[in-house]
Structure formats: structure tokens, C-alpha cells
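First up is the structure itself, then whatever we jot down about it.
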Amino acid sequence: MKKKILVSLLIILSFMTFNSVSASELNFGVKTELPENQTDQQKSYFDLAVKSNQKQTIFIELTNTTNKAVTIEPQINEAKTNNNGNVQYDQNSIKRDANLKKAITDYVKVPNEIVIPSNDKVRLPIKIKVPKEGFEGILLGGILLQQKASELKQTKGTKEKLGIKNNYAYVVGLQLTEKKRIIKPELGLNDVKANQKNYRNVITANLQNKTPGLLNQLQVKAKIFKNEKLIYSHEQKGMQMAPISNFDFAIPLKGEALKPGKYALELDAKSFENTWHFTKKFEIKSSEAKQLNSTDVTLENNNTWLFIGIGIFVLIVCVLLVFILKKKRNRYK
């Protein structure tokens, strides 16, 4: 049996209002040292106003209250949008949007590792080099702080038997703004297709935030039509998209199997006073429907026609046997 991995992240991001954080699950504590160019000193994450070609080093204070040295492996990750319509700041497998030409990971560097001596503190340096030509909107990401895997002791007992591994980490948000010009949000619709989410059939509409700013309080209402008849609909509120990113908005099929044919999507989206309306036609091919239906965990394999076919075959064989036996009897009379 494959081992299940449970990864837990303590996200230290935009809606937290305190500067010092700690967790009993971790062997170290984190405190941001907010510089003078921090736009709001009440925020616990870095929100910096920068200038083109600027160089700056900011710091995070790391505290170790244990009797052993702790090694931290920092990472800088760009903000991306996951398929639930949430912004992720941690390390993940989400592909970078092809239209993102300037990512925060290109201009911010952290050490590969840093050691915190027992019962001591160290300052983690984060080096920022703003591009010479500047940038529009914001550069957004997160600094992931996790203890070196080889130092972590595996949880024993039931969890160990189940193959569950808990990895805890801090993620501290980092946002850079160079120009204060307000950018009007722009949402786009890319491809619409049959797909799966958590091994369940869905139809996905790929939505793209085309601008270098956060798209907040996103509401989406989607409808799927076949032969001008409404067959599926789904609405979701309170979503957020990272700058220049995309995600697959999923329309569930109510536990139904995918059927081949031509369909049409109508989608309305809203973010505060900004609204968008999209329509798009798409087709689901027989091969797609068959393949996806075969891996949907909610669908029962329907063997009715297989049993009917077997029954007909058995009936034909029986009729032939009766015919052959009767013919043999007539021959011997």
C-alpha cells in the first residue's frame, strides 16, 4: 500500500496582524524585521515599496529554544493560483503562467540553509535586487522556512504505522511594489474541456488573471448547455488569483458519466465592481469520455450490455447444439 503523506503548512500571510509567531509543532520561531520602506508596519508579512534598480537586504529573525542546533532550508516561491481558486505561496507543482515574464524568484535570493544554534537566535538575510527597468503592478511570493528533513524525527505509533508524515513549515509573504499606478483587472477565458478533479469527472474552464496584481473576491457562475438545454451549473465565491496566473475552474457533473457531443459554456465573473461575461463552444470526444469515465471513482461500472451480449451468445450456442443433436438423431433413424 502506498504511503500517505500529510503536509501541513502554517501560513504567515496578509490577514495576520501580529509580528511574532510560533508553533508547538516546530523547533523554531519566526519574527519579521520590517524595514522603513514597509508600506504598513501593522502587517506581519513584507509589503515593500521599492525603486527600479534598488538593492536591499531584509531580515527574518529565527529563534531556536531547543537544546540542539536547528538547520533551516529557506526557499523563495512565487505566488500561484491553485485549482480551488486560492493563492499559494509555498513550494508546489503548479505550472508558471506562460505570460509571467517577471517573477519574484528572479529578483529575490535566500541562502540554501542557515543553522540556528541551540537556545539562540540568528538573522536570515533576504537579498532583493529590483530590475533596472522596473516593473508594473506587484511581484508576489512567499519565503518558506522548513527544518532540514534529516533532523526531523518521524512520529511514532499509529501515524507511523499508517505511513503518515507531518511536515510543518512557516511561509512568510513578500510583496514588492515599484509603481503606484492602479492597474485595471483583466480576466480571460482560455480552454474549456472535459477533465477530472480528485478522480471525479468535471468540465473545466481555464481562467487567467492577465494583470500583475491580485484579483480579489472573485465570484464565478458557470453554466453548461447541450442542444441549448442547461445540464450543469456551478457557482463559487470568495476566490483570489495571483498576479498573471491561471487556474481550472471546475464544473461538477452531479455524479453523472461524461457523454460525447458538442457543448456550450456561459460564464460570468465578478471582482468588486469589475464584471466579465464569456461564452465558448467545446466538444467532448468519445475517446475522452470513455477514458475519463473509466477512472471516475464515483461511477459504477455498468456491465448491462456485456451481460446481454453474453446471454445472447449463450442462447445462440444452445440453439446450435439443439439443432446439431436433432440432425444427428434424424440421421440415425
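Please treat every number below as a calculation from the coordinates, not as lab data. None of the values given here were measured: they were computed from a predicted structure. Note: ideal-geometry Cβ built from the backbone for every residue, glycine included; neighbour counts use all protein chains shown.
Check Asp47: other-chain or 5+ apart residues with amide H under 5 Å from its amide H, H built from backbone geometry?
Thr39, Asp40, Gln175
I need Ile116, Ile310 ordered by Cβ neighbour count within 10 Å, fewest first. Write out the running numbers ahead of the final one.
Numbers: Ile116 23, Ile310 11.
Fewest-to-most ranking of Ile116, Ile310: Ile310, Ile116.
For Lys229 and Lys109 in the same chain, what is the full-extension length gain: residue separation times 0.36 nm, less their Cα-Cα distance, in nm? Could you put the intermediate results ahead of the total?
Values: separation 120, 0.36 × 120 = 43.20 nm, distance 5.34 nm.
Full extension of this stretch gives 37.9 nm more.
Would you please give the residues with an amide H less than 5 Å from that of Phe249, counting only those at least 5 places away or on a separate chain, with H modeled from the backbone geometry?
The answer is Ala205, Asn206, Leu207.
With a 10 Å Cβ neighbour count serving as the proxy for reagent exposure, in which order, fewest first, do Thr204, Thr275, Thr105, Thr71 appear? Walk me through the intermediate numbers first.
Working: Thr204 20, Thr275 11, Thr105 14, Thr71 17.
Going from least to most buried by this count: Thr275, Thr105, Thr71, Thr204.
Filter Lys229/Lys262; Lys55/Lys184; Lys237/Lys290 down to the pairs with a C-alpha to C-alpha distance above 23 Å, please.
Numbers: Lys229/Lys262 12 Å; Lys55/Lys184 29 Å; Lys237/Lys290 32 Å.
Pairs exceeding 23 Å: Lys55/Lys184; Lys237/Lys290.
Could you give the nm distance between label points at Asp268 and Ile324, where each point is 7 Å from its Cα heading toward the beta carbon?
Going from the Asp268 label point to the Ile324 one covers 6.9 nm.
For segment 87-115 and segment 200-225, compute the distance between their C-alpha centroids and round to whole Å.
Here the answer is 23 Å between Cα centres.
Would you mind calculating the gained length between Glu33 and Ser287 on full extension (0.36 nm times residue separation, minus the Cα-Cα distance), in nm to one decimal? Provide the component values of the computation, followed by the final result.
Values: separation 254, 0.36 × 254 = 91.44 nm, distance 5.62 nm.
Result for the pair: 85.8 nm of gain on full extension.
Using θ = phi - 60° and the Karplus relation 6.51 cos²θ - 1.76 cosθ + 1.60, list the HN-Hα couplings for segment 181-193 in order, rounded to whole Hz, with x at every Gly or Pro.
After applying 6.51 cos²θ - 1.76 cosθ + 1.60, I find 5, 6, 9, 5, x, 9, 10, x, 10, 9, 7, 10, 7 Hz.
Kindly identify segment 160-236 as rounded, prolate or oblate by the Cα gyration tensor criterion: order the square roots of the eigenvalues as a ≥ b ≥ c, call it rounded if a/c is under 1.5, otherwise compare a/b with b/c, prolate if a/b is larger, else oblate.
Details: a/c = 3.19, a/b = 1.08, b/c = 2.94.
Cα axes put segment 160-236 in the oblate bin.
Hey, got the dipole for segment 187-295? About the Cα centre, +1 on K and R Cβ, -1 on D and E Cβ, debye to the nearest 20? Numbers along the way, then the final one.
Numbers: 17 positive and 10 negative charges, 65 e Å.
My answer is approximately 320 debye.
Could you go through segment 106-111 in sequence order and give the Karplus-derived ³J(HN,Hα) for each residue, using 6.51 cos²θ - 1.76 cosθ + 1.60 with θ = phi - 60°, rounded to whole Hz, and x for Gly and Pro?
In residue order, the calculated couplings are 7, 10, 10, 10, 10, x Hz.
Just subtract the alpha-carbon distance of Asn99 and Gln217 from 0.36 nm times their residue separation and send over the number in nm, one decimal.
Working: separation 118, 0.36 × 118 = 42.48 nm, distance 2.26 nm.
Going from the current span to full extension adds 40.2 nm.
Would you mind checking segment 228-248 for residues with the amide N under 13 Å from a putative spin-label position 7 Å along Cα→C-beta of Thr298?
232-234
If you take the beta carbon distance between His277 and Gln91 as r and set R0 to 30 Å, what does 1/(1 + (r/R0)^6) give as a FRET efficiency, to the nearest 0.05? Show your work: numbers first, answer last.
Values: r = 36 Å, r/R0 = 1.20.
E between His277 and Gln91, to the nearest 0.05, is 0.25.
Under the Karplus relation 6.51 cos²θ - 1.76 cosθ + 1.60, θ = phi - 60°, what is the ordered set of whole-Hz ³J(HN,Hα) values for segment 258-274, x standing for Gly and Pro?
5, 10, x, x, 9, 10, 9, 10, 10, 9, 10, 10, 8, 9, 6, 8, 8
How about segment 198-303: which GluC sites (Glu not before Pro) there lie in a loop by DSSP and see at most 15 other Cβ atoms within 10 Å? Mind dumping the intermediate values first?
Working: sites: Glu228, Glu235, Glu256, Glu266, Glu273, Glu283, Glu288, Glu300; in loops: Glu228, Glu256, Glu273, Glu300.
Loop-located and lightly packed - Glu228, Glu256, Glu273, Glu300.
What's the Kirkwood radius of segment 187-295 in Å, using all Cα pairs? Please report the intermediate quantities before stating the final value.
Numbers: mean 1/r = 0.0694 Å⁻¹.
For segment 187-295, inverting the mean 1/r across all distinct Cα pairs yields 14.4 Å.
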